[in-house]
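Only one structure is covered here, and it is reproduced in the block below.
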Amino acid sequence: MNKPSNIKKQNQMQSVLSPSWLSRVALQQPEWPNKGDLDLVLAEIKRMPPLVFAGEARSLMSKLANAQSGKAFLLQAGDCAESFYDFSADSIRDKLKVILQMAVILTYGAGVPVIKVGRIAGQFAKPRSNDVETLNGVSLPSFRGHMVNGEGFSQEERTPDPKRLLSAYHHSASTLNLLRAFAKGGFADLSQVHSWNREFVQSSGAGQRYESAANEIDRALRFMKACGIDLHTEATIQQVDFYTSHEALILEYEDALTRQDSLTDKIYGCSAHFLWAGERTRQVDGAHIEYLSSINNPIGVKIGPTATVDEIITLAKRLNPDNLPGRLTFITRFGAKKIKKLLPPILEAVAELELPVLWTCDPMHGNTFTTKDGIKTRHFDDVMDETKGFFEAHKKVGTWPGGIHVELTGDGVTECIGGETDTAEDQLVNRYTTICDPRLNARQAIDLSFRVAELLRP
Ligand code: PEP
Ligand code: CO
């Protein structure tokens, strides 16, 4: 029989009591109709195994430390909001394919190791600018992601349902299970580099460019084999490290998956490897920042155009008081028109204080607009302009442009305008399937990667 002390060691993680974020103001939380139902669900999630392990979060943090010091590049990508309904092995596989393709293009084209982090296996909750949506005189709670409610415009769908939290846990678990199998079970083997290029991508210019890069990689692999290197035993060729991330928005859910690591006794958020606070919930004294400061994962904060230098410095000190490398990523999302002016003074101030920060660029969220037909979209050229502005600002200040953060899907959707595929405004309706923000399709994502690889080239 196990003694209690051994049981503690065997249970990799322990649940934590009395979270400090509870005493702070938490914005963007749903109004659950029945507290009793919520408590039952939370108790059940607390009994569930962690989705990720502390050791994995630490391994990501050490990789992010490399990105911070200019020795690697972070690619963080996936849906704006994952869906419970558009949920299948194929769609998970296709998202992974496009991320693997992008990583190959960046690694091959720019010669830097690429850290792969999906907005996946937990990105089920959304902050909203308005709590209420009004349509034809009827007002209902806004859609907050499938972890909270449904997107259909009815009282029934829009009423927050705590059972959805449990469903988010199960959807995340099965997504992670598949991702782990793909990452380690042969699918991500570099010798499969051609098979990640889907037919509708192949026919585009970017897809063909990818094919030529893939041919050269094949040639390099054959060369290594001919030199006597046994590629079958090379884990770095056969497998990838793929990490998960999402916005830590619904704090009751995050809290239920927050555990103590029995190896180090430290607290980790175990819903994903990397968690971030969004632009709407990054108040220095707010509950979200308090939550992130209480866990030991690598974490991020979105930084929009209204953030002041002082706020950013306070956040950096508060979230990383021990100056740990790889702990803190600032994800800037200023908009193409503002980045050149806003980013350099921020970079300078943080560099002057020698605060360790990994800087990444989200070129999506500052560039959203609504067409005359009322469709939310983004223009590929704006996405590229903001990305270029990000690289220019870093060049000017002498800091490292450490990564990109994009919303994409593996499908041939028509949600963003422009790019090499030249999706026109009137084509947006053809295949517009996102439940939240417009995403780059796989062709646009490959196109973007080639352009970023050029910017990264020394
Ligand atoms: C998002 O990443 O989907 C998002 C809502 O971003 P932000 O917090 O930057 O607006
Ligand atoms: Co979004």
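The values are calculated or read from the model by the stated rules, or taken from the named source; none is laboratory data. This is a predicted model, so every value here is computed, not measured. Cβ coordinates were reconstructed from backbone atoms using ideal geometry, including for glycine residues, and neighbour counts include every protein chain displayed.
Quick look at the numbers
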{"read-out": "Near pairs, Cβ below 7 angstrom, 6+ apart or cross-chain, from the range 164-179 (more than 19 Å from residue 240 (Cβ to Cβ)) to any residue that is assigned to a helix (DSSP H, G or I) and at pLDDT 95 or above", "value": "165/41; 165/45; 165/253; 166/41; 166/44; 166/45; 168/253; 169/45"}
{"read-out": "Some residue of the range 310-331 being polar (S, T, N, Q) and either within 16 Å of ligand 1 (Cβ to nearest atom) or farther than 29 Å from residue 55 by Cβ (or both)", "value": "yes"}
{"read-out": "Of residues in the range 42-68 being part of a loop (DSSP other than H, G, I, E, B) and over 18 Å from the mean Cα position of the chain (by Cα), the one nearest to ligand 1 (Cβ to nearest atom)", "value": "50"}
{"read-out": "The range 117-133 - residue that is of a type in the set (D, E, K, R) and away from ligand 2 (no atom under 14 Å from the Cβ) and, of those, surrounded by the fewest Cβ atoms within 10 Å (Cβ to Cβ)", "value": "131"}
{"read-out": "Qualifying residue in the range 414-436 (condition: crowded, with 24+ Cβ neighbours inside 10 Å and under 23 Å from residue 146 (Cβ atoms))", "value": "yes"}
{"read-out": "Members of the range 279-309 that are within 13 Å of residue 254 (Cβ to Cβ) and within 11 Å of ligand 1 (Cβ to nearest atom)", "value": "281, 288"}
{"read-out": "Failed item in (1) in contact with a Phe, Trp or Tyr (Cβ under 8 Å, 6 or more places away or on another chain); (2) within 14 Å of ligand 1 (Cβ to nearest atom), with residue 412 passing the rest", "value": "(2)"}
{"read-out": "Residue in the range 30-44 that is within 30 Å of residue 115 (Cα to Cα) and in contact (Cβ under 8 Å) with a residue 24 or more places away in the chain present", "value": "no"}
{"read-out": "Residue check, residue 55 surrounded by fewer than 14 Cβ atoms within 10 Å (Cβ to Cβ), touching a Phe, Trp or Tyr at 6+ places or on another chain (Cβ under 6 Å), closer than 30 Å to residue 190 by Cα and modelled with pLDDT of 95 or more", "value": "no"}
{"read-out": "Within the range 239-332, strands (runs of 3 or more DSSP E) holding 2 or more residues that are among the β-branched types (Val, Ile, Thr)", "value": "299-303, 328-332"}
{"read-out": "Count of the range 196-208 residues which are surrounded by fewer than 18 Cβ atoms within 10 Å (Cβ to Cβ) and in contact (Cβ under 8 Å) with a residue 24 or more places away in the chain", "value": "2"}
{"read-out": "Qualifying residue in the range 285-294 (condition: more than 16 Å from ligand 2 (Cβ to nearest atom), crowded, with 16+ Cβ neighbours inside 10 Å and over 22 Å from residue 53 (Cα atoms))", "value": "yes"}
{"read-out": "Lone unmet requirement of (1) farther than 25 Å from residue 244 by Cβ; (2) charged (D, E, K, R); (3) in contact (Cβ under 8 Å) with a residue 40 or more places away in the chain for residue 352", "value": "(3)"}
{"read-out": "Restricting the range 416-453 to residues that are in contact with a helix residue (DSSP H, G or I) (Cβ under 7 Å, 6 or more places away or on another chain) and of a type in the set (Asp, Glu), the residue that is farthest from ligand 2 (Cβ to nearest atom)", "value": "420"}
{"read-out": "Those residues of the range 357-376 which are more than 15 Å from ligand 1 (Cβ to nearest atom) and either crowded, with 20+ Cβ neighbours inside 10 Å or outside any strand (DSSP E or B) (or both), in sequence order", "value": "357, 358, 371, 372, 373, 374, 375"}
{"read-out": "Search result, residues across the range 139-156 that are in contact (Cβ under 8 Å) with a residue 12 or more places away in the chain and either of a type outside the set (S, T, N, Q) or out of contact with any helix residue (DSSP H, G or I) (no Cβ under 9 Å at 6 or more places or on another chain) (or both)", "value": "140, 141, 143, 144, 145, 146, 147, 148, 151, 153, 154, 155"}
{"read-out": "Sole residue being under 30 Å from residue 170 (Cβ atoms) and in contact with a Leu (Cβ under 8 Å, 6 or more places away or on another chain), chosen from 272, 316", "value": "272"}
{"read-out": "Strands (runs of 3 or more DSSP E) contained in the range 69-162 and holding at least 2 residues of a type in the set (Val, Ile, Thr) and modelled with pLDDT of 95 or more", "value": "114-119, 132-135"}
{"read-out": "Single residue of the range 257-284 satisfying the filter (crowded, with 24+ Cβ neighbours inside 10 Å and among the small types (Gly, Ala, Ser)) that is farthest from residue 21 (Cα to Cα)", "value": "272"}
